[in-house]
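Enquirer: If you scroll down you'll find the structure; I have some questions about it.
Values in this text are rule-based calculations from the coordinates and carry no lab data. Everything numeric here is computed off the predicted structure, so don't read it as measured data.
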Ligand code: PEP
């Protein structure tokens, strides 16, 4: 079983064009030791093409933070899979908790977005995560199972090569609070078991499952050391080259 290790930076709505160029050149400068992981950055839509051009000669990959489920048409303000692919972006984050909570993205919409991504042969970083209340009530495993089954599991077996799962407990995102390495491991193992239940052991063993939620240089190593944690989706700490590269090197 050789799962890919991955560290992805979700920049959210941060960095204009000049700031994007600066951060990427800092990341490139600090790229000393070849990391044992795929490294992905997800700048805002307006900066994706310049990021793609800046990183074209490097192993660093570029992802989008979202996309629309339709191929084209009257969806003012939206971005399609074909538009992303046309600028060299083949990976998209879907189902981030901020998309779910602030922009009303439901499991049903996410299932459509995933289907569109698969149809366009794009790779998806599919996010799942429970709210604090879910965990306090002991419902976290049920919530994650439902998010997986409704949003992700409609895909074909052949599509799993294009899927990365990110477990991001909502209570740990941007709060400074992290799941303990044991809590992360328990949920990651559960996610893998759930994938195995529907798609078989081979697929479950090969899918990379990232942890997200206040990962920092100081806690990355112990989280990444867990057997079922294959890397991280990093928010705040991905905005500082030094922190992001320290997390990359923690793999
Ligand atoms: C995220 O939003 O994907 C995330 C993990 O954010 P942070 O690292 O800031 O908690």
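Enquirer: From the square roots a ≥ b ≥ c of the eigenvalues of the alpha-carbon gyration tensor of the stretch 1-122, which class results: rounded (a/c under 1.5), prolate (a/b over b/c), or oblate? Please report the intermediate quantities before stating the final value.
Expert: Working: a/c = 1.84, a/b = 1.49, b/c = 1.24.
Here the stretch 1-122 falls in the prolate category.
Enquirer: Further question: Using Cα pairs under 8 angstrom and six or more residues apart, how large is the relative contact order of the stretch 191-251, in percent?
Expert: Worked out over the stretch 191-251, it gives 32 percent.
Enquirer: Also, quick follow-up: In whole Å, what is the distance between the alpha-carbon centres of the stretch 170-228 and the stretch 7-54?
Expert: 23
Enquirer: Continuing with this model, one more query. Does the stretch 37-106 come out rounded, prolate or oblate by the C-alpha gyration tensor, with a ≥ b ≥ c the root eigenvalues, rounded set by a/c under 1.5 and, if not, prolate when a/b is larger than b/c and oblate if not?
Expert: Verdict is oblate for the stretch 37-106.
Enquirer: To continue, here is another question. Counting pairwise Cα distances across the stretch 148-251, what percent come out greater than 17 angstrom? Write out the running numbers ahead of the final one.
Expert: On the way: 2732 of 5356 pairs.
When all Cα pairs of the stretch 148-251 are counted, 51 percent exceed 17 Å.
Enquirer: Considering all alpha-carbon pairs of the stretch 38-189, what whole percent are spaced by more than 19 angstrom? Kindly include the intermediate steps, with their values, before the conclusion.
Expert: Details: 6363 of 11476 pairs.
So the portion of pairs separated by more than 19 Å is 55 percent.
Enquirer: Top mean-square fluctuation among 119, 33, 193, Gaussian network model of the chain, C-alpha springs under 10 Å?
Expert: 33
Enquirer: What percent do you get for the relative contact order of the stretch 134-250 when only Cα pairs under 8 Å and 6+ apart count? Walk me through the numbers before you get to the answer.
Expert: Details: 144 pairs, mean separation 30.9, N = 117.
Normalised by residue count, the contact order of the stretch 134-250 is 26 percent.
Enquirer: Give the dimensionless ratio obtained when the Cα radius of gyration of the stretch 172-230 is divided by 2.2 N^0.38 Å.
Expert: The value comes to 1.18.
Enquirer: Normalised by the empirical 2.2 N^0.38 Å for globular proteins, what value does the Cα Rg of the stretch 102-202 take? Walk me through the intermediate numbers first.
Expert: Details: Rg = 13.8 Å, N = 101, 2.2 N^0.38 = 12.7 Å.
Working it through for the stretch 102-202, the quotient is 1.09.
Enquirer: Based on DSSP H runs of at least 4 residues, each adding -39500 (n - 2.57), what is the mean residue ellipticity at 222 nm of the chain after dividing by all its residues, to the nearest 500 deg cm²/dmol?
Expert: The helix-only estimate for the chain comes to -11000 deg cm²/dmol at 222 nm.
Enquirer: For the stretch 1-59, what class follows from the C-alpha gyration tensor (a ≥ b ≥ c being the square roots of its eigenvalues): rounded when a/c is under 1.5, otherwise prolate if a/b is larger than b/c, else oblate?
Expert: Prolate, since a/c reaches 1.5 and a/b exceeds b/c.
Enquirer: How high is the relative contact order of the chain, in percent, with contacts defined as C-alpha pairs under 8 Å that are six or more residues apart?
Expert: Relative contact order of the chain: 23 percent.
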